[in-house]
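Computed from the coordinates by the stated procedures, all read-outs in this text should not be read as laboratory data. The structure displayed is predicted, hence computed values, not measured ones. No Cβ is skipped: glycine too gets one built from the backbone with ideal geometry, and neighbour counts run over all protein chains shown.
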Amino acid sequence: MDTQDLPTPTTRPAPGQLLFEAPRRGKPPRHLADLSPAERKRAVTESGLPGFRAAQLSKHYFARLVDDPAQWTDVPAALREDLHKALFPRLMTAVREITCDGGTTRKTLWRLHDGALVESVLMRYPDRVTMCVSSQAGCGMNCPFCATGQAGLTRNLSTAEIVEQVVAGARELARGEVPGGTGRVSNVVFMGMGEPMANYKAVIEAVRRLTDPAPDGLGLSQRHVTVSTVGLVPAIEKLTAEQLNVTLAVSLHAPDDELRDELVPVNTRWKVGEVLGAAWDYAHTTKRRVSVEYALIRDINDQAWRADLLGKRLKGKLAHVNLIPLNPTPGSKWTASRPEDADAFVRTLEAYGVPVTVRDTRGREIDGACGQLAATA
Ligand code: SAH
């Protein structure tokens, strides 16, 4: 690659600065996974081939996880190269893969066509495999406790760049490369780099590719896809109208506006009450519990009175709280709560009848845990 194709490094955002519009850069090349089944058919017929070739390619990619034209034995050899060139450009290259937990947690650093870097994490549990994917290179939401937020926003990912992260994990599992035998991806969480609701269109299309039944898509259950957001209220409202039964996660981190303005700067636009209001509308429409994410930060947001205020706000709502002990990022002045404070926080929420779990922090040693994804090559 020519060095002038590399993205100019993003500058670190000033405290509280928000970036909603991603910088425009050369678009990633079009890939089969960017297209709906109808668009795939059109792409194939426009190049003078019968439409059924699109369904064949979808089957190879989404059902068989194969994009090597040599293995498309039902496609005439003379057509394979052209189809491959037109619909399967190389979108990303693995720069590094680091594993921990005996190989069942795997973080991959990807270099995209323009040099932008993103990370994805595969986590295998006894009963499921979760892929944590990035939706943007960097992030414009500038949360001061999050490594990605500190690096700023480089660009939005395309639908296919998101889907390919999941397909890459699916291939590793299908080939038996992840300890535990061959397997499949069962869950996807948009909790890698980026704010998914700031790259709305590409993310929704990616959700469709992931959840359309095979061979149109990967065939995951919508309920097993989680979209996590800082709380972009208009986008949450739009999502409510999509009739997608994905799980919505809201990164709350504080029950009061004063602290949330600092921890999640987008709160200066949409307040705690508005974000939770949009979340309850989503819950009522989809009948799905909203996941409230709360990173416990010692002496910052873990006081008894904040647990009490959170309990009051969530009491009786379709909500589940995920408490995440803060993963300190390099140079951070903050650290995780004391275990006794975390326990007291849990008990207070439970006293309000609010379901709560303390999330495990898989991938900590490989900087693959929540908020640690920073894409340094
Ligand atoms: N932008 C989206 C999704 C990416 S972050 C969002 O904010 O929801 C995924 C989750 O990790 C969010 O809940 C985020 O607040 C949390 N997180 C970020 N940095 C963290 C850290 N250092 N420790 C623990 N959780 C963190």
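Can you tell me the orientation of helix 200-211 relative to the chain, as the angle in degrees between its alpha-carbon axis and the longest Cα principal axis, to the nearest 10?
With both axes taken from Cα atoms, the answer is about 70 degrees.
Order the peptides 14-25, 356-367 from the highest to the lowest mean number of other Cβ atoms within 10 Å of their residues.
356-367, 14-25
Placing +1 on the Cβ of each Lys and Arg and -1 on the Cβ of each Asp and Glu in region 88-221, which of A206, T104, F190 has its Cα farthest towards the positive end of the resulting dipole?
About the Cα centre, the residue reaching furthest to the positive side is T104.
To the nearest 500 deg cm²/dmol, what mean residue ellipticity at 222 nm is calculated for the chain from DSSP H runs of n ≥ 4 alone, each contributing -39,500 (n - 2.57), summed and divided by the residues?
-9000 deg cm²/dmol
What angle do you read, to the nearest 10 degrees and between 0 and 90, between the alpha-carbon axis of helix 339-351 and the longest principal axis of the chain?
90 degrees
Quickly rank 151-158, 312-319 as a protection proxy: mean count of other C-beta atoms within 10 Å, highest first.
Ranking, from highest mean packing down: 151-158, 312-319.
Report, in debye and to the nearest 20, how large the dipole of the chain comes out about its Cα centre when Lys and Arg carry +1 and Asp and Glu carry -1 on their Cβ.
Dipole about the Cα centre, nearest 20: 620 debye.
Check cross-link reach from K201 to the lysines: straight Cα distance under 27 Å, and skip same-chain residues fewer than eight apart.
List returned: K27, K41, K59, K85, K107, K238, K271, K287.
Check which residues have an amide H placed less than 5 Å from V189's amide H, if you skip close sequence neighbours.
M131, C132, V133, T226
Tell me, what is the FRET efficiency for E242 and F52 to the nearest 0.05, using R0 = 35 angstrom and their Cβ-Cβ distance as r?
Working from the Cβ atoms, E equals 0.75.
Where does each of 83-91, 171-179 land if you order them by average Cβ count within 10 Å, highest first?
So the order, starting with the most tightly packed, is 83-91, 171-179.
Using θ = phi - 60° and the Karplus curve 6.51 cos²θ - 1.76 cosθ + 1.60, what whole-Hz ³J(HN,Hα) does each residue of region 55-64 get, with Gly and Pro shown as x?
These are the phi-based 3J(HN,Hα) values: 5, 4, 5, 4, 5, 4, 6, 7, 8, 9 Hz.
Taking only Cα atoms, what is the 0 to 90° angle, nearest 10, from helix 304-314's long axis to the longest principal axis of the chain?
That works out to roughly 60 degrees.
Which net charge results when you count Lys and Arg as +1 and Asp and Glu as -1 among the other residues whose beta-carbon is under 11 Å from that of A283?
Summing Lys/Arg as +1 and Asp/Glu as -1 gives +3.
Work from the charge dipole of region 238-341 (Cβ charges, +1 for Lys and Arg, -1 for Asp and Glu, about the Cα centre) and give the residue of I297, L252, W334 farthest towards its positive end.
Of the candidates, L252 comes out farthest on the positive side.
If you add up the charges near T229, with Lys and Arg at +1 and Asp and Glu at -1, over every other residue whose beta carbon is less than 10 angstrom from its beta carbon, what do you get?
-2
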